Amino acid sequence: MPNAKETTSLVAMRVSTGGVSFMLICGLSAAANTRVSNELGAGNPNKAKSAAAVTLMLSALLGLAFNLALAFGHNLWAGLFSDSPAILNKFASMTPFLAASITIDSFQVVLSGVVRGCGWQSLAV
């Protein structure tokens, strides 16, 4: 790496940003898991399907909100980590890749919560 200090700073910023978004969506996944399993246990498959659909819509909205906040406030967010203009510019250049990662994570994590709630762990593995 030509500039290890700069690269390490960017990796730490990316991991922290991804971690914050992941924790928010992970909570939604736990709610989906509980709701779907409770509805299936009560013998209400239509309500379980509805709960899964609502949770997916909420994850899409949460992912979109986080991506919009990151797109419009990436300088403010990156400023919390560093005051170096070089690092701020490089973080801005990797923001689209970070947004794509957050979008994919938002669906994947919630769908894994629905799978756990349905008792399909072996199918998901």
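The values are calculated or read from the model by the stated rules, or taken from the named source; none is laboratory data. Computed from a predicted model, the values in this text were never measured in an experiment. Surface accessibility is based on the protein's heavy atoms, side chains included, excluding ligands, DNA and RNA. Shrake-Rupley method; radii C 1.70, N 1.55, O 1.52, S 1.80 Å.
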request  = Note the full-extension length gain between Lys47 and Ala86 as 0.36 nm times their separation in residues minus their Cα-Cα distance, in nm to one decimal.
outcome  = 8.9 nm
ask   = Over the range 41-119, what percent of the accessible surface lies on carbon and sulfur atoms, probe 1.4 Å?
value = 71
task = Kindly express, to the nearest 10 degrees and within the range 0 to 90, the angle between helix 45-79's C-alpha long axis and the longest C-alpha principal axis of the chain.
result = 10
note = Which of [x] -0.54, -0.71; [y] -0.48, -0.75; [z] -0.65, -0.81 gives log10 I(q)/I(0) by the Debye sum over Cα atoms at q = 0.12, 0.15 Å⁻¹ as computed here? It is [x]
Principal-axis tilt of helix 4-41 within the chain, Cα atoms, nearest 10 degrees = 10
query = What does the accessible area per residue of the range 39-99 come to in Å², with a 1.4 Å probe and no ligands, DNA or RNA counted?
reply = 61
ask   = Given Cα pairs under 8 Å that are at least 6 residues apart, what percent is the relative contact order of the chain?
value = 41
